[in-house]
Amino acid sequence: MHVTFCAVEAAPFAQTGGLGEVCGSLPLALAKKGVTATIFLPRHKSIDFKKFSVETLDRHLSRTVLSPKLDVYFIEHDYFRKRDGIYGDGHGDYSDNLERFQYYCAQVLKVIVERCLKTDILHCHDWHAALIPVYLQEHYRHSSLSSVKGILTIHNMAHQGIFSREKYPHLHLRETLHSPHYLEYFGQINFLKGGIVFSDKVTTVSPQYAKEILTKEFGCGLQGVVRARPEPVVGILNGINHDIWNPATDRWIVQRYTPKEVTEGKSVNKARLQEALCLPGGRDIPLFALVSRIVHQKGVDLILDSMEQLLGMDIQLVMLGTGESRYEKQIRAFADRHPQKLWAGFKFDDSLAHQIYAGADWFLMPSRFEPCGLSQMISMTYGTIPIAFKTGGLVDTIQPFDAVGLKGNGLLFEHFTKKDFLHALRQAITLYRDQEKFHALRHNALAADFSWEHAAKEYIKAYQCLLSA
Ligand code: ADP
């Protein structure tokens, strides 16, 4: 089976968050199971061609081979090559994102046909690639791609690719498709909607989120479009790549540890982290951490609302992330006032993220909504206990700790309120002081299996089901 991955981010080439991590790891996991995979990426400026031995095929296309079963093609254009960011810069999204991602989608199909590349499935990710299933149905039904199936995976319903109606001619689609049944959305153009309507199958990244996007609260205006599909959206939980996220082999951390060595391993990493971030040392003080985009979705405002009380407790807090400057400013002000308790860094720093996962005791993830979430899975793999709001993939991966039966691997709070969040934080501090319970909780977290194995099997099932339909 040949599967072509269409995504604008994929690790290790280009990544801003979970999407890139998934689109880098899933093709590898599928290739290990015998699927031949090809990834199509835009050639972003940040991609180091030398490092990845990329060869230029022509003015429009480059390629590298990652393994006998995995090729990566790069769509070349100034739209990507000459931009610092993938989606935008410090001033916001690029104003020509419709043209940029339309070009990417059209070009992927053109290259596959012109180069006679084998493919059975086009697996498209998020709105940037969502025009591919539209073009497949509209322009390629009578071509060599006539039997190819299109799958769309929604990683985040909140990002849809909405553009003004005036730009519709750039899409090179029939005028009649700009209607409520197809790509039109309140008078505008909606890429994601087009993908949902035209794909042969739609999946999302956790079973809980697959249910949530049918509701007004989480459907972001497209709940009706999702409900109108002939078959339900399938929720397949993401995994994490244990070649990258593994405390026993992690090259970024000062002391590596297996689950058996977790107490000693974490204590050494915690001491080093405190030292590196100029926080007072001490293993008795619980260390809370956040590694995240600093945005509304991630509940940063809830942390800020609770910050006075939080910093009044006997804890330390480390916050690493990039995002909205209004939040960064407020966090910075708290950090300046409480340098002994709060360290904040506003940058994307892979090695520091590894050190934080290894050195912290608790991981904060109060996301308002969370399609899947990788950070809670990573933190558990390092024996760092997540505290999260009961939503999306957090529900599928975190079982609330039962202090009597000693079952469960994290803390989930029920309502998105300061009261419930602070209650969970106080519960965490109490648990941390009870070594027996905390050890049980930590071992439960370490025992969870978040490898890609399960997800790869589920995707293969979905592909096979489509191909035999
Ligand atoms: P998202 O919604 O951002 O995709 P996920 O939890 O699915 O959230 O994935 C976030 C990934 O990005 C995690 O691997 C996390 O460690 C990483 N990450 C987020 N911010 C930073 C940062 N500032 N520095 C390093 N890694 C980060």
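The values are calculated or read from the model by the stated rules, or taken from the named source; none is laboratory data. Nothing here was measured: the structure is a model prediction, and the numbers come from that model. Because the Cβ atoms are built from the backbone with ideal geometry, glycine has one as well, and the counts that use them run over all protein chains shown. Side chains are part of the model used for accessible areas, which takes the heavy atoms of the whole protein and leaves out ligands, DNA and RNA. Shrake-Rupley method; radii C 1.70, N 1.55, O 1.52, S 1.80 Å.
Descriptive notes on the structure:
- If you filter region 22-46 down to residues that are crowded, with 18+ Cβ neighbours inside 10 Å and of a type in the set (Gly, Ala, Ser), you find that the one that is nearest to Arg83 (Cα to Cα) is Gly24.
- Per-region count, region 327-346, residues basic (Lys, Arg) and either modelled with pLDDT under 95 or outside any helix (DSSP H, G or I) (or both): 1
- Filtered residue count, region 306-338, keeping only those that are within 16 Å of the ligand (Cβ to nearest atom), touching a residue at least 24 places away in the same chain (Cβ under 8 Å) and either surrounded by 17 or more Cβ atoms within 10 Å (Cβ to Cβ) or not acidic (Asp, Glu) (or both): 10
- Breaking point among (1) modelled with pLDDT under 95; (2) out of contact with any Lys or Arg (no Cβ under 8 Å at 6 or more places or on another chain); (3) not charged (D, E, K, R), for Gly323: (2)
Matching residues to (1) surrounded by fewer than 17 Cβ atoms within 10 Å (Cβ to Cβ); (2) in the same structural domain as Ser25 (by TED's automatic domain parsing); (3) among the hydrophobic types (A, V, I, L, M, F, W, C):
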| residue | (1), (2), (3) |
| --- | --- |
| Asp93 | yes, yes, no |
| Glu99 | yes, yes, no |
| Gln102 | no, yes, no |
| Lys110 | yes, yes, no |
| Glu114 | yes, yes, no |
| Leu122 | no, yes, yes |
| Pro133 | no, yes, no |
| Gly150 | no, yes, no |
| His155 | no, yes, no |
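- Within region 261-279, being outside any helix (DSSP H, G or I) and either without any contact (Cβ under 8 Å) to a residue 24 or more places away in the chain or open to solvent by 30 Å² or more (accessible area, probe 1.4 Å) (or both) holds for one residue alone: Cys278.
- When Trp245 is tested against (1) surrounded by fewer than 16 Cβ atoms within 10 Å (Cβ to Cβ); (2) assigned to a loop (DSSP other than H, G, I, E, B); (3) of a type outside the set (Gly, Ala, Ser), exactly one condition is not met: (1).
- Criterion: closer than 28 Å to His443 by Cα, open to solvent by 10 Å² or more (accessible area, probe 1.4 Å), modelled with pLDDT under 95 and more than 13 Å from the ligand (Cβ to nearest atom) - qualifying residue of Asp284, Asp349: Asp284
- Of the residues Pro27, Pro42, the single one that is under 21 Å from Leu374 (Cα atoms) and away from the ligand (no atom under 16 Å from the Cβ) is Pro27.
- Flag if Leu320 is under 14 Å from Met365 (Cβ atoms) and either in the same structural domain as Ala158 (by TED's automatic domain parsing) or in a helix (DSSP H, G or I) (or both): no
- Count of region 1-20 residues which are buried (at least 23 other Cβ atoms within 10 Å of the Cβ), outside any strand (DSSP E or B) and not aliphatic (A, V, I, L, M): 2
- Number of positions in region 280-298 that are touching a helix residue (DSSP H, G or I) at 6+ places or on another chain (Cβ under 8 Å) and either part of a loop (DSSP other than H, G, I, E, B) or among the β-branched types (Val, Ile, Thr) (or both): 8
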